[in-house]
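Notes follow the structure.
The values are calculated or read from the model by the stated rules, or taken from the named source; none is laboratory data. For clarity, every value in this text was computed on a predicted model and none was experimentally measured. Positions of Cβ are backbone-derived with ideal geometry, glycine not excepted, and every protein chain shown enters the neighbour counts.
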């Protein structure tokens, strides 16, 4: 399809680009003000409604967030406690409605993630930047991200509609 076509799949709005051997950048514009998009990233009850790609069939079991510099987070996926996978880390920087930076501490190969929320009136340009410790760590992460991230962002779009954005 033409890039300019109005009939292109919605998830084509998510751009995923390797910026270097260790950096991945994902961008997407959301039809909501930055404060609402930011809330969807920082309020556990909202985050749980969009973060896990539905196609994987692996639900988000719990989400704890202490969204402040030095605060932590823990996200648990799985069918039940015996099959659960945990992702956790600490917030390094929190600028409400504008920027989040956190560590991913579940593995030595995990990235430091920065998400910026650029308010453009009724829309928000979201940029997710991940810096991995090695090229190999980024290679491994990219395998799952290219399918999952567009789906997650589609789910976030749906949530933002229900929030009246």
Q. Looking only at residues in the range 112-133 that are at pLDDT 95 or above and assigned to a loop (DSSP other than H, G, I, E, B), which one is nearest to the chain's Cα centre (by Cα)?
A. 132
Q.
The conditions are (1) in contact with a helix residue (DSSP H, G or I) (Cβ under 6 Å, 6 or more places away or on another chain); (2) in a helix (DSSP H, G or I), and residue 28 fails exactly one of them. Which is it?
A. (2)
(Q) Cβ-Cβ under 9 Å, sequence separation 6+ or interchain: first residue in the range 136-165 and under 23 Å from residue 43 (Cβ atoms), partner modelled with pLDDT under 85 and not in a helix (DSSP H, G or I). Which pairs? (A) 150/9; 159/165
(Q) Looking at the structure I just gave you, is residue 76 in a helix (DSSP H, G or I) and either surrounded by 16 or more Cβ atoms within 10 Å (Cβ to Cβ) or at pLDDT below 95 (or both)? (A) no
